[in-house]
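Single-structure report; data block below.
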Amino acid sequence: MEARAHFGYFAGTMKKILSIFVIGFACAAGLFGALNYHFIRTSKKLVIERKAEMGFKDTFVDTREWGPIDYLKNPGVANVLARGGLKDLLGDSKDASKKAEKEAKRLIDEGQKAIGDALEEAGKKLKK
């Protein structure tokens, strides 16, 4: 009977030790992440990028309502976004540039057709 009681005490102690270990490991992982990574919330996604130097500066940053001045005031964050996520922020401008490229091609084609028609018309007038 005493052996069972002693085993129950041992099992309860192991649960406590395991719980403390798991909580400690989770805290250590969170601290490691906070010291070594930038977590930057943009209007499109969450950018996670490794820091150049270990520290708590600019660990969690929300840039959803930032303007150009805010990026100038925070060059570290701007640098991280330029390295790892600025392409996504400028996705709309990429679409706009593709649209402008298509429009330019269309206008060039129309211009070439108009020039060809004008030259053909001029050639007909010269033959008469």
>> Quick one: 3J(HN,Hα) in Hz for segment 105-115, Karplus 6.51/-1.76/1.60 with θ = phi - 60°, rounded, Gly and Pro as x.
In response: 4, 4, 5, 5, 4, 5, x, 5, 5, 5, 5
> Given H placed on each backbone N at 1.01 Å, which residues far from Y37 in sequence or on other chains put an amide H within less than 5 Å of it?
Replying inline: K51
>> Explain nothing, just compute: Karplus ³J(HN,Hα) = 6.51 cos²θ - 1.76 cosθ + 1.60, θ = phi - 60°, for every residue of segment 33-39 in order, whole Hz, x for Gly and Pro.
In response: x, 5, 7, 10, 9, 8, 10
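Since every read-out is calculated from the coordinates, none of them should be taken as a lab result. Nothing here was measured: the structure is a model prediction, and the numbers come from that model.
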